[in-house]
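What follows is calculated from the coordinates using simple rules that are stated; it is not laboratory data. All values derive from a computational prediction rather than experimental measurement. Virtual Cβ from ideal backbone geometry, glycine too; neighbours counted across all protein chains shown.
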Amino acid sequence: MKAILAAAAIVLSPLQAFADFHNGNSLYQFCKSTDPTDRTRLVFYSIGASDQLIGAAFCPPQSVNAGQVADLICQHLAQHPETRDQLASVLIFQTLRETWPCQKR
């Protein structure tokens, strides 16, 4: 597990160097928006940020679709406003890992 977290930190840490990357506040704005373009941005960003770690850091059921992942992210952001200042990719990783932890082998 430590190796997975270390790998995630290495992969995600360079992203913090860019001020224009999304954080939880910008994702939450996408969640609340009625604009279909914002929903699309949310879905694609969530999947892009999580895709490389599926099966290693978290293990969602095979029946889960991209819209459900985005809904889960929005639910987490609504329930934990204190975390919205964090980098979006980190919030997505943490939310999915907590929701769908992989079984220990």
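Could we say that Gln52 is surrounded by fewer than 20 Cβ atoms within 10 Å (Cβ to Cβ) and either touching a His at 6+ places or on another chain (Cβ under 8 Å) or outside any helix (DSSP H, G or I) (or both) here?
The answer is no for Gln52.
Listed by first and then second residue, the pairs linking a residue in region 28-57 that is at negative phi to a residue that is of a type in the set (S, T, N, Q), with Cβ atoms under 8 Å apart and 6 or more places separating them unless they lie on different chains, are Asp38/Gln29; Arg39/Ser33; Ala49/Ser89.
Would you be able to say whether some residue in region 84-91 is of a type in the set (Gly, Ala, Ser), crowded, with 17+ Cβ neighbours inside 10 Å and not in a loop (DSSP other than H, G, I, E, B)? Yes, the conditions are met somewhere in region 84-91.
Being more than 10 Å from the chain's Cα centre (by Cα) and not in a loop (DSSP other than H, G, I, E, B) is the filter here; which residues of region 29-42 pass it? Spell out how you get there, then give the answer.
The first filter runs over region 29-42 and keeps only residues more than 10 Å from the chain's Cα centre (by Cα), leaving 29-41.
Matches in region 29-42: Gln29, Phe30, Cys31, Lys32, Pro36, Thr37, Asp38, Arg39, Thr40, Arg41.
Within region 77-105, residues that are free of Cβ contacts under 8 Å to residues at least 40 places away in the same chain have Cβ atoms under 7 Å from residues that are assigned to a helix (DSSP H, G or I) and buried (at least 18 other Cβ atoms within 10 Å of the Cβ) in these pairs: Thr95/Leu72; Thr95/Ile73; Thr95/His76, counting only partners at least 6 apart in sequence or on another chain.
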